[in-house]
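The values are calculated or read from the model by the stated rules, or taken from the named source; none is laboratory data. Everything numeric in this text was worked out from a predicted model, so none of it was measured. Don't worry about glycine lacking a Cβ; one is built from the backbone with ideal geometry, like all the others, and counts go over all protein chains shown. Just so you know, the surface numbers come from the protein's heavy atoms only, side chains and all, with ligands and any DNA or RNA stripped out. Shrake-Rupley method; radii C 1.70, N 1.55, O 1.52, S 1.80 Å.
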Amino acid sequence: MEGSPAERTRTLHLYNSLSRTVEPFAPLDPTRVTMYVCGPTVYNYVHIGNGRGPVVFDVLASALRRRFGQVIYARNITDVDDKINQAANEQQVPISAITDRFTNAYLQDMAALGVRRPDIEPTATGHISHIIAMIEQLIESGHAYAEQGHVLFSVESFAEYGRLSGRNPDELLAGARVDIAPYKRNPGDFVLWKPSDATQPGWESPWSVGRPGWHIECSAMAAAHLGETIDIHAGGIDLQFPHHENEIAQSVCAHGGKPFARWWLHNGMLNFAGAKMSKSIGNIERIRDLVERHPSEALRYALLSAHYRQPLEWSDNLIAQSVRTLDRLYGTLRDVEAIAATPAIPAAVEAALDDDLNTPAVLALIAGYAADLRKRLAEGQTDGPELAALKADLLGAGLAMGLLQQAPAEWLQRGANTDDDARIQALVDERIAAKAARDFTRADALRDQLAAEGILIEDTPQGVRWRRQ
Ligand SMILES: [Zn+2]
């Protein structure tokens, strides 16, 4: 890191995978940040591992907006892919039936995790002409060649190939020598365009009726919406090679050597019971299923509980802990509900985010503000500027994380349906009446019945309260 500690607190520092160091961040245009994040291939429901990047980069996008004003954030939708074709063939429907359905499902899952929509959500099929134009530029400049209806990027034509992932091109080629496709001049060359048969979606091009390879779409869409050199490109560490390496090769070579992304950010993977979460694990821990079983804000909390570059051990215990923590925080907010306070993001929170997006440190600050509030309440303080300021800090820190923005009652009752709430309230009221009438047998029976349903009853100075566990 550069600069004194005081300077560091005023400047956003981000780890750049390209330089392998934490660097002070400044956008090319001081009034506007451009950011591109690789989005989903929409052929299936996504798992919770696919939620980490969007949640983390959502926190980053809001921090950037506070700091620099304008942020143009693009996250693509890959809507042409062989996995999509396979799903469409299996179900005997056009690919758009698959991609529409799972694009909507993805957006719903992201909304459940509190992820705000990016400014631009470009689709590959909406940018075929941009993709073809970029491939033509690569052929003209000698970085790509057409062969048997395919177009391949020539890895040997780009001396910096392998820099991002720290791989030596010769090693890469050695690893790829098995089963070399006949249209490849060199085993490491990758596909920019491939021909389609009658069962596959295809577009007219100078080379064949075909479809783009996966890597070229991100290069073409980033250039179309954000310009030739962008400030931040982000995605999961599993995309660093070959996807991001190939994006760099395509963009730099198509744009006459201009740098592609100035900062490369990579989030770590989720470990699930020791196994690396990847698409191949299948449907376990789909976001869709998790939000049915758990409050979704707890999933967001859990995803932010480790530093984004570290692997995150995902477990039921982590979710349960996150639920308990939010119970405590919302319980504190409920106890100060009568105190008026406007959320204000504390300087300490901004400083923690400036430190390469240290979300665990922000969560520790949140716990500290809440503990301070509870201590003052326990000491008998019920109002006053200190309580209001602490509440403003707690809500502000939550705002920076995309947490703690529900009404406390909404969280504590888990947003359950109102019919059921009324039924439980009636049982709670009956128990209060039984106790008042000293019918302790009935009161205990009601308590046991409620406990069996997972309802926790609390006797507080403000009266009897209940919540779902
Ligand atoms: Zn990409």
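General remarks:
- Across the stretch 293-300, computed HN-Hα scalar couplings (Karplus, 6.51 cos²θ - 1.76 cosθ + 1.60, θ = phi - 60°) run 9, 9, x, 5, 5, 5, 5, 5 Hz from first to last residue, x flagging Gly and Pro.
- For the chain, share of DSSP beta bridges that run antiparallel, in % to the nearest 5: 55
- Accessible surface, the chain, averaged per residue in Å² (probe 1.4 Å): 44
- Between the amide H of Asn267 and those of Gly235, Gly236, Ile237, distances stay under 5 Å, these residues lying 5 or more places away or on another chain, with hydrogens modeled in the peptide plane.
- Given their separation in residues at 0.36 nm each and the Cα-Cα distance between them, Ala340 and Glu228 gain 35.6 nm when the chain is fully extended.
- Karplus-derived 3J(HN,Hα) values for the stretch 329-334, using 6.51 cos²θ - 1.76 cosθ + 1.60 with θ = phi - 60°, are 5, 5, x, 5, 4, 5 Hz; glycine and proline are entered as x.
- Packing-based ranking of 85-98, 199-212, 360-373 yields 360-373, 199-212, 85-98, ordered from highest to lowest mean Cβ neighbour count within 10 Å.
- Interchain or long-range residues, amide H under 5 Å from Phe190's placed H: Phe153, Val155
- Degrees separating the helix 359-378 axis from the principal Cα axis of the chain, which is the longest one: 10
- The order of the peptides 40-47, 337-344 by mean Cβ neighbours within 10 Å, most packed first, is 40-47, 337-344.
- Gained length - Ser19 relative to Leu377, 0.36 nm times residue gap less alpha-carbon distance: 124.0 nm
- As a length-normalised measure over Cα pairs under 8 Å and 6 or more apart, the relative contact order of the stretch 37-126 settles at 45 percent.
- Leu107 versus Lys83: modelled label distance in nm, points set 7 Å from Cα along the beta carbon direction: 2.1
- Normalised by the number of residues in the chain, the average gap of Cα pairs under 8 Å and 6 or more apart makes the relative contact order 16 percent.
- The stretch 269-408: relative contact order as a whole-number percent, Cα under 8 Å and 6+ apart: 28
- A cut-off of 5 Å between modelled amide H atoms, ignoring neighbours fewer than 5 places along the same chain, links Ser196 with Val209, Gly210, Arg211.
- Residues of the stretch 208-227 falling in the label zone of Gln137, defined by backbone nitrogen less than 15 Å from a point 7 Å along Cα to beta-carbon, are 216-227.
- Val93-Ser196 FRET efficiency (beta carbon distance; Förster radius 22 Å; 0.05 resolution): 0.80
- Principal-axis analysis of the Cα atoms of the chain puts helix 440-452 at an angle of about 0° to the longest axis.
- Fraction of beta bridges assigned by DSSP in the stretch 1-157 that are antiparallel (%, nearest 5): 50
- Between 0 and 90°, nearest 10: helix 418-436 axis offset from the chain longest Cα axis: 30
- 3J(HN,Hα) along the stretch 260-273, derived from phi through the Karplus expression 6.51 cos²θ - 1.76 cosθ + 1.60 where θ = phi - 60°, amounts to 8, 10, 7, 10, 10, 10, 10, 8, x, 8, 8, 9, 10, 6 Hz, with x in place of Gly and Pro.
- Highest average packing first - 241-249, 128-136, Cβ atoms within 10 Å: 241-249, 128-136
- Ligands, DNA and RNA left out, the accessible area of the chain computed with a 1.4 Å probe is 51% carbon and sulfur.
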